[in-house]
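To keep things clear, I will list the structure first and then write my remarks on it.
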Amino acid sequence: PESLPSGVRRPCHPRNSRNSLPSRQPAPTAYNGGVMKIYGRILLVVALDEHSERIGARARDIAALCNAELSLLHVVEYVPVEPMGETLLPAVQIEEELVQRAKQRLAELAQRLGVESARREVAAGNIKAEIVRAAQDQKADLIVLGSRERHGPSILVNFTEDTVLHAASCDVLAVRLR
């Protein structure tokens, strides 16, 4: 493949993978008069459920196409039944245990996806706020998360992907879960 000048990344475009363009033609970098968006940092958000591997594979593949950094995030949102009172200490211990278990499961997911060297973070707090915070802290260009199909009254509920879509300062890819 052609070498690019220092600091220039190959555009994130499926035709650039697998050498389908003639080697003498420059890779397309513009469309509709504008510059094509290149993702350099991708934040993968997972709930560590049965869909995490599918969502992770999508983020991993996009990162590979774009030659982008990939980082993984899981947020533990533990709300104690009695937020104040004598049970506060055990609640803190329970949250710490949840975080430790999530770190192990996130490491296992990274291994199954083949991205063991990717940055991994388990945060505790409000899921929506932590996703937006992590994306800002990491200067992410793209957030990848799952999106469930909604029917009936559930359409009225403010889901995580909706809040992130409107609050994030970067692109958001919601992988449809069925």
* Give the long-range amide H neighbours of TYR78: residues separated by 5 or more places, or on another chain, with amide H under 5 Å away, using H modelled in the peptide plane at 1.01 Å from N. => GLY125
* Taking amide hydrogens as modeled 1.01 Å from N in the peptide plane, which residues meet the under 5 Å criterion relative to VAL144, leaving out close sequence neighbours? -> LEU43, LEU44, VAL45, LEU173
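Rule-based calculations on the coordinates, nothing more; no lab input. From a predicted model like this one, the values you see are computed outputs, not experimental measurements.
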